1. Of everything in segment 72-83 that's touching a helix residue (DSSP H, G or I) at 6+ places or on another chain (Cβ under 7 Å) and not in a loop (DSSP other than H, G, I, E, B), which residue is farthest from residue 21 (Cα to Cα)?
2. Scan 66, 21 and give me the residue that is charged (D, E, K, R) and at pLDDT 95 or above.
3. For residues in segment 89-111 being polar (S, T, N, Q) and part of a strand (DSSP E or B), which is farthest from the chain's Cα centre (by Cα)?
4. Taking residue 29, is it assigned to a loop (DSSP other than H, G, I, E, B) and more than 15 Å from residue 104 (Cα to Cα)?
5. With respect to the numbered conditions (1) free of Cβ contacts under 8 Å to residues at least 40 places away in the same chain; (2) touching a Pro at 6+ places or on another chain (Cβ under 8 Å); (3) not basic (Lys, Arg), which one is the sole condition not fulfilled by residue 78?
Amino acid sequence: MNIDHLNLRVHDAAACRAFYEAHFGFRLAFEADDGFLLALVPAAPHQPLPDGFHVGFTMPSADEVERLHRALSAASVPVGMLDDERPVEAYVTFRCWDPDGTEIEVFWQGP
């Protein structure tokens, strides 16, 4: 069983769409051609998500996590500090937030 889609109720669908397209490679689609659909549904009034809720993106390498962290920072996206646990653990991560405040974890976890 695989996850098929994520339905996020957002205040500003256009800003969120631009964010996910620019930084995470999503594209406008009626159906998920690649097996996963991110649905951004306008909601007024917007309801904050529960504490601890976040969306996770796995990257193919630690270098890719570091590259995306730099790119998001340069684009003035709110980002947390890069947490590099190497060499003790094969894990590199950071958190960022989309225009609606949804928390996103970006990480690489090695073998």
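The values are calculated or read from the model by the stated rules, or taken from the named source; none is laboratory data. This structure is a prediction, so every number in the text was calculated from the model and none was measured. Quick reminder, even Gly has a Cβ in these numbers, built from the backbone with ideal geometry, and neighbours come from all protein chains shown.
1. Ranking the candidates gives 79 first.
2. Answer to the selection: 66.
3. Result: 109.
4. yes
5. It is condition (2) that residue 78 fails.
Table: residues versus (1) charged (D, E, K, R); (2) surrounded by 15 or more Cβ atoms within 10 Å (Cβ to Cβ); (3) closer than 28 Å to residue 90 by Cβ.
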site: 12; (1), (2), (3): yes, yes, no
site: 27; (1), (2), (3): yes, no, no
site: 39; (1), (2), (3): no, no, no
site: 45; (1), (2), (3): no, no, no
site: 49; (1), (2), (3): no, yes, no
site: 56; (1), (2), (3): no, no, yes
site: 61; (1), (2), (3): no, no, yes
site: 70; (1), (2), (3): yes, no, yes
site: 73; (1), (2), (3): no, no, yes
